[in-house]
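Taking it in order: structure first as structure tokens, then the write-up.
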Amino acid sequence: MELRNRALRDIYVDLLMEYAETHPELVIVEADLASALASTKFFKKYPNRAINVGVQEANMIGVAAGLANMGKLPFTHTFTPFATRRVLDQVTLSVAYSKLNVKMVGSDPGIMAQLNGGTHMSVEDVGIMRTMPTLTIVEPIDGVQLASLFPQIAEHNGPVYIRLTRKDFDEVYDDGEEFILGKAKVIKEGKDVTIFASGIEVKEAIDAEKLLAEKGISASIIDVHTIKPIDAETIIREAKRTGAVVTVENHSIINGLGSAVAEVLAENCPTVMERVGIKDHFGEVGLKDFLMEKFGLKAKHIVAAVLKVLDRK
């Protein structure tokens, strides 16, 4: 499968179709957004294994739970706010409480809703889902990573929430790179500070590392693709090694990646720390570049946070 120069949604749907060939239990359930995800291909190839419930997201989760209870492997999809806050009770009781094997995709996480604006821009979805027992949260950043993690997600016994950027993303990894569900990926090791990043912010962290190197600052870059369960072992090791931590996320700094890392540090290895993310603010209409500037998500903002944390260190 070609993993380069393609929209992440197209790679995702191809992975679904490829896996479905050998796993007849796989089905998809959509809430009238098949064209947005490009899953219309799946509907055409497997018409008896694809369900469109219409604009009824809560019903989508209920249908998926019923399918999972019958031994099917359902993948659901809608935009991020409707995949989390709108269906919270159904996810809680029908899926997580029942420990059912439902894989839930929320597309266009954080600012990536762009021109769809604040109503479609969930910057709190990780916080909502992170409190849910039994549930795993994954945020793949490019096609290589998605392809490596997909079979692990499908074969994981339990509910999974996937933050999926549909189109506008940066390719970070080389072909053949492998990833382990639940284990953070060390992109670069430095000695002065560790930057933990997720999603579209991984590329910004990589760019920030280059700017920091010009200032004589050596930074570790860690891609936390699995936000829950958090990789406490890597966090503790890095904190002890560099003595300073910065987290970066396309999400509210409240109850997201930064909070997860802070919890690990507070309980195991208290360390000076700064968080880069959306600061207690709703989303709004705008293009990616404008929103990243407004909410302080660019490489330069990461550099500023690193300088601040090193001053505290």
Using the reciprocal of the averaged 1/r over all distinct C-alpha pairs, how large is the Kirkwood radius of the stretch 185-312 in Å? 14.3
Based solely on its DSSP helices, what 222 nm [θ] is calculated for the chain when runs of n ≥ 4 H residues each add -39,500 (n - 2.57) and the sum is averaged over all residues, nearest 500 deg cm²/dmol? -11000 deg cm²/dmol
From the cross-link list Lys183/Lys294; Lys228/Lys308; Lys279/Lys300; Lys183/Lys308; Lys103/Lys288, which pairs have alpha carbons spaced over 25 Å apart? Lys183/Lys294; Lys228/Lys308; Lys183/Lys308; Lys103/Lys288
Which residue fluctuates most in the GNM of the chain (Cα springs below 10 Å): Ala31, Ala64, Ala20? Ala20
Per-residue Cβ contact counts at 10 Å, fewest first, order Met292, Met70 as Met70, Met292
Report the Cα-based extents of the chain along its three principal axes, largest first, to the nearest Å. 59, 38, 36
Taking the number of other C-beta atoms within 10 Å as the exposure measure, put Tyr97, Tyr173, Tyr12 in order starting with the fewest. Tyr97, Tyr173, Tyr12
What is the pair-distance distribution P(r) of the stretch 8-164, computed from all Cα-Cα distances in 10 Å bins starting at 0, with each bin given as a whole percent? 11, 46, 38, 5
Which one of Val202, Val186, Val246 has the biggest mean-square fluctuation once the chain is modelled by GNM with Cα springs under 10 Å? Val186
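No value in this document is a laboratory result; all are computed from the given coordinates. Everything numeric here is computed off the predicted structure, so don't read it as measured data. Because the Cβ atoms are built from the backbone with ideal geometry, glycine has one as well, and the counts that use them run over all protein chains shown.
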